[in-house]
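Chemist: Before I ask anything, let me first share the structure, which is written out below as structure tokens.
Just so you know, all these numbers are worked out from the coordinates, no wet-lab data involved. Note that the structure is predicted; figures quoted are calculated from it, not measured. We place every Cβ from the backbone using ideal geometry, glycine too, and count neighbours over all the protein chains shown.
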Amino acid sequence: MDRHYPFELQPLPYSYHELSPELDELTLHFHHDKHLQTYVDNLNKALEPYPNFHDWTLEELLIKNEVLPEEIRQPVKNNAGGVYNHELYFHCMGKNKGSKPEGTLAEAINVDFGSYGEFKAKFKQEALNQFGSGWAWLIHDVKCGLHIIRLPNQDTPLPYQVYPLLLVDVWEHAYYLQYQNRRAEYLDYWFQIVDWQKIGKKYHDHCGV
Ligand code: MN3
């Protein structure tokens, strides 16, 4: 991604009904059209008076956040993180519903977690353990080892030299309209709409031989 200020709302990579019934249209409309739009708008608002940073990409704004003037450091971290996380989240789901990890990624999951089933159980537990708002992530390190982590708010692991592969939004706005307070149930259905072909390709491009 080499986009920079002024950031624009990117359309979903599928139509609003395609993730139903696991994630319904109303949830996607609010999540994408309202919540993500707000992060985009607030990021632009924070950067507008600071032309020195208008050619910085989302990733630069997050990785080099400490370089920004103190008064916009936190708002940029929150809102650039909000844009980055949501774009990645929406791209982790999609048309290959019901898929499972294959190839290089499936092998790595077996090595690092034992099996896909054990991976799912651990990932779900991390997502449930996130107190309040935040995200659970599957990332790989520079040696291609896989790790599951959770981060609060709109924080990203980008400053730690790791590569995000998959993430799930456990802010209530991601599931409350459809699942109310049942985060565990949302997570069970969410696994069924993960596009493992896309995730596997990314891992293979970085780590395949
Ligand atoms: Mn969200």
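Chemist: At a 10 Å Cβ-Cβ cut-off, how would you order Thr156, Thr27, fewest neighbours first? Before the final figure, lay out the partial values.
Modeler: Details: Thr156 26, Thr27 21.
Taking fewest neighbouring Cβ atoms as first place, the list is Thr27, Thr156.
Chemist: Stokes-Einstein at 37 °C, 0.692 mPa s, Kirkwood radius from Cα pairs: D for segment 50-209 in µm² s⁻¹? Numbers along the way, then the final one.
Modeler: Values: Rh = 16.5 Å.
Using the Kirkwood radius from Cα pairs, D works out to 198 µm²/s.
Chemist: Only helical DSSP H runs with n ≥ 4 go in: add -39500 (n - 2.57) per run for the chain, normalise by residue count and round the 222 nm mean residue ellipticity to 500 deg cm²/dmol.
Modeler: Working: 9 runs with 94 residues, N = 209.
Helix contribution divided over all residues of the chain: -13500 deg cm²/dmol.
Chemist: Tell me, rounded to the nearest percent, the portion of alpha carbon pairs in segment 1-143 spaced more than 18 Å apart.
Modeler: On the way: 6655 of 10153 pairs.
Above the 18 Å cut-off, segment 1-143 has 66 percent of its Cα pairs.
Chemist: Related question: If a helix is a whole DSSP H run, which ones in the chain reach 27 Å or further along their own axis (Cα) and hold a mean Kyte-Doolittle hydropathy of at least -1.0? Each step should come with its number before you reach the end.
Modeler: Working: long enough: 70-92 (33 Å, -0.89).
Answer set is 70-92.
Chemist: At q = 0.10 Å⁻¹, what is the base-10 log of I(q)/I(0) for segment 91-173 according to the Debye formula with one equal point scatterer per Cα and no solvent? Please give it to two decimals.
Modeler: -0.24
Chemist: Each residue of segment 164-171 in order: what ³J(HN,Hα) in whole Hz does its phi give by Karplus 6.51 cos²θ - 1.76 cosθ + 1.60, θ = phi - 60°, with x for Gly and Pro?
Modeler: Residue by residue, segment 164-171 yields x, 10, 8, 8, 10, 7, 10, 5 Hz.
Chemist: Once you put a point 7 Å from the Cα of Glu60 and another 7 Å from the Cα of Ile149, both along the Cβ direction, what distance in nm separates them?
Modeler: 2.3
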